[in-house]
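**Q** Below are the structure tokens for one structure; questions will follow.
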Amino acid sequence: MSFAKFLKSEGLSTFSNEQLKSEVIRRQSTNVFPLHVFNPKIKPFLDSLNKGYDLPASYIGTTLLSAYSTAIGTAFKIDSGNDDFIYLPVWGCLCGISSSGGTVSINKIYAPLFKIQSEFDFDWKEKTKGLSREKMNQERMETVIYRDSHIPTLVRTILPDNPKGVCKHSDELLEWINGMNQISKKESTDEQFWISAWNCTPYSGIRSGKDKFVIERPFVNVIGKSQYALLTKIFAKDRDTTGFVFRMLFAVPEEDQISQRESDFVMPAEWTELHERTIILLYKDLQVFDVTEGRYCKVDAPAKKLLDQWRREKIKVINQIDDSTEKNIKAGILGKVSEYAYRFAGILHLSDKTFDQDYGGDFHIAFKHQELILVSTMIRALELADYFYDSANEVYDLVQKSLSAPPEVLTTAFMLKRGKSNSEIGEMLYGSKSDSHKVKARRQVERWIKEYPRVFGSYAK
């Protein structure tokens, strides 16, 4: 059926009171990604991805934040007070079972940026045709998306040619993790670069012959997927205690299921074009030639007060935790998510500007030298912060309990924690819903609870 008919069939007016109550209970009992924080004009595009393509809301929202952030790059920063400026990098990890929609989410939402990169690749091939390596090295290699590059190449070649910044796209994030330190062989050398790059801290290095180079603002986003069973490898080597891993935004589906697109669904072109327009305006209208330029977003006093209040409430809860390890982890998560709250506010504000009816395409008309973030935007940003604070804690708990448990055990424990029935677990384990699979799943869960008590937590008691 068409998406218009789909929306009509799913309209609130058609829901029974019991269905509406069920939806309220679902939202209260699970960590639901707040897709409504994005501009209302992009809602048809987001709804079509969620319903027509059967993609998790968390995948859609996290990838959209990443795409907007990549398009903005170093063009804007946030003044958080006392001349303390925060740039807008976003590292996204789409967690889930195999075939749950992560690749499709990235391909659909990043499509405008992939298109720009394809144009860059074509132009590079044309302008370097027949050039010697020496002359080729003098040409600027425009890049917005890259996949395979060691840190020396990134800081000596890619970033100097692209002061606005780039995005590291890894289909599986473990590929990014496994690729670290392959050249230096020194433990944590690459991790230290990434930790500083997350803040866009200036980076310097020295080539042979005292040839020193400086990257003023190394802006590098990261986007990719990870199955639950592989998360332990991402957390390995103390990446949780160093704070490295909590720079990631973890997108966790509300339901763990294989994504299944409506067979006859076709997204209307005007919806994809609206999304593409936003990405292109943010990327091409916000040119960056000098990262020392002073374009920034200022947070007004009521918005700053709201963020401070949000932090105080979280800190109060964390300070009451007796276990020092748990307290330290939650404090680390809060620290990173608190900074992300500023970033979310900036990303939401700047992307909203592209939907203004009077957007004229002229930078001076569309974006001011100083933009003001209001409390209404901060409210939306804090909804995102709440989601990612909870998802980081959820993923951390899962990793700590997993140890050597097989993937199907981890996924089953995750579903059980989210209140899924034996029938739903049976469908996940055995491919279909049936009374026999329901009984089989119940018996299997009972065995696994005894075999992997740390994975199933309270259910093992």
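**Q** Nearest 5 is fine: what % of DSSP beta bridges in the range 149-278 come out antiparallel, could you say?
**A** 45
**Q** Under the Karplus relation 6.51 cos²θ - 1.76 cosθ + 1.60, θ = phi - 60°, what is the ordered set of whole-Hz ³J(HN,Hα) values for the range 164-180, x standing for Gly and Pro?
**A** Result, ordered by residue: 6, x, 9, 10, 8, 9, 10, 4, 10, 5, 4, 4, 5, 5, 5, x, 6 Hz.
**Q** Rounded to the nearest 500 deg cm²/dmol, what is the calculated helix-only ellipticity per residue at 222 nm for the chain, with -39500 (n - 2.57) per DSSP H run of length n ≥ 4? It would help to have the intermediate numbers written out before the result.
**A** Values: 19 runs with 225 residues, N = 461.
Mean residue ellipticity at 222 nm (helix-derived): -15000 deg cm²/dmol.
**Q** Here's another thing I want to ask about it. Which percentage, to the nearest 5, of the DSSP beta bridges contained in the chain is antiparallel? Present the calculation step by step, with values, prior to reporting the outcome.
**A** Numbers: 7 of 32 bridges.
Counting DSSP beta bridges with both partners in the chain, the antiparallel share is about 20 percent.
**Q** Tell me, what is the per residue accessible area of the chain in Å², probe radius 1.4 Å? All intermediate terms of the calculation are to be shown ahead of the outcome.
**A** Working: 22290 Å² over 461 residues.
For the chain, the solvent-accessible area averages 48 Å² per residue.
**Q** Taking a temperature of 20 °C and a viscosity of 1.002 mPa s, what whole-number D in µm²/s does Stokes-Einstein yield for the range 46-177 with Rh from Kirkwood over alpha carbon pairs?
**A** Values: Rh = 16.8 Å.
Estimated via Stokes-Einstein, D reaches 128 µm²/s.
**Q** Quick one: pull the percent of accessible area on the chain belonging to carbon and sulfur, 1.4 Å probe, ligands and nucleic acids left out. Could the numbers behind the result be given before it?
**A** Details: 11070 of 22290 Å².
For the chain, the apolar C and S fraction of the accessible surface comes to 50 percent.
**Q** Continuing with the same structure: P(r) of the range 121-265 in 10 Å steps, Cα pairs, percent per bin?
**A** In order of increasing distance, the bins hold 9, 33, 31, 18, 8, 1, 0 percent.
**Q** Which pairs break 32 Å Cα to Cα here: Lys125/Lys368; Lys168/Lys450; Lys125/Lys225; Lys225/Lys327; Lys127/Lys284?
**A** Details: Lys125/Lys368 36 Å; Lys168/Lys450 41 Å; Lys125/Lys225 30 Å; Lys225/Lys327 28 Å; Lys127/Lys284 21 Å.
Table pairs above 32 Å Cα-Cα are Lys125/Lys368; Lys168/Lys450.
**Q** Only sites in a loop by DSSP and with at most 12 other Cβ atoms within 10 Å count here; which trypsin sites (Lys or Arg not before Pro) in the range 87-136 make the cut? If you can, show how the numbers build up before the last one.
**A** Numbers: sites: Lys108, Lys115, Lys125, Lys127, Lys129, Arg133, Lys135; in loops: Lys129.
Qualifying residues, ordered by number: Lys129.
**Q** Now, a different point. Specify the inter-centroid distance of the range 319-346 and the range 35-69, based on alpha-carbon positions, in whole Å.
**A** One Cα centre to the other: 25 Å.
**Q** Specify the angular offset, from 0 to 90 degrees and rounded to the nearest 10, of the alpha carbon long axis of helix 269-280 from the longest principal axis of the alpha carbons in the chain.
**A** Relative to the chain, helix 269-280 is tipped by roughly 50 degrees.
**Q** For volume of the Cα convex hull per residue in Å³, one of (i) 183; (ii) 137; (iii) 160 was computed from the structure I shared and the rest are decoys. Which label?
**A** (i)
**Q** Using θ = phi - 60° and the Karplus form 6.51 cos²θ - 1.76 cosθ + 1.60, what ³J(HN,Hα) does each residue of the range 243-248 get, whole Hz, x for Gly and Pro?
**A** x, 4, 5, 7, 7, 7
**Q** With θ taken as phi - 60° and the coefficients 6.51, -1.76 and 1.60, list the Karplus ³J(HN,Hα) couplings across the range 93-108 in order, rounded to whole Hz; mark glycine and proline as x.
**A** Once rounded to whole Hz, the list reads 10, 8, 8, x, 7, 4, 6, 8, x, x, 5, 5, 4, 5, 4, 6.
**Q** Give me the angle, in degrees from 0 to 90, between the Cα long axis of helix 301-319 and the longest principal axis of the Cα atoms of the chain, rounded to the nearest 10.
**A** The angle comes out at about 50 degrees.
**Q** Going by amide H atoms built from the backbone, whose H comes under 5 Å of the H on Lys225, apart from near neighbours?
**A** Leu94, Glu172, Leu173
**Q** Summing Lys, Arg as +1 and Asp, Glu as -1, what charge do residues with Cβ under 13 Å from the Cβ of Leu429 carry, Leu429 excluded? Walk me through the numbers on the way to the answer.
**A** Details: positive: Lys420, Lys433, Lys438, Lys440, Arg442, Arg443, Arg447; negative: Asp256, Glu408, Glu424, Glu427.
That works out to +3.
**Q** Can you list residues from other chains, or at least 5 along the same chain, whose modelled amide H is less than 5 Å from the amide H of Ile145?
**A** When sequence neighbours closer than 5 places are left aside, the close amide H contacts are Cys167.
**Q** Could you rank Tyr296, Tyr389 by how accessible they are, 1.4 Å probe, largest area first? Please list the in-between numbers first.
**A** On the way: Tyr296 45, Tyr389 20 Å².
Most to least solvent-accessible, the answer reads Tyr296, Tyr389.
**Q** For the chain, find the longest principal axis of its Cα atoms and tell me its angle to the long axis of helix 189-198, 0 to 90°, nearest 10.
**A** 90
The values are calculated or read from the model by the stated rules, or taken from the named source; none is laboratory data. Not measured: the values here are computed from a predicted model. Positions of Cβ are generated from backbone atoms using ideal geometry, with glycine treated the same way; all protein chains shown enter the neighbour counts. Side chains included, ligands, DNA and RNA excluded: accessible areas come from the protein's heavy atoms. Shrake-Rupley method; radii C 1.70, N 1.55, O 1.52, S 1.80 Å.
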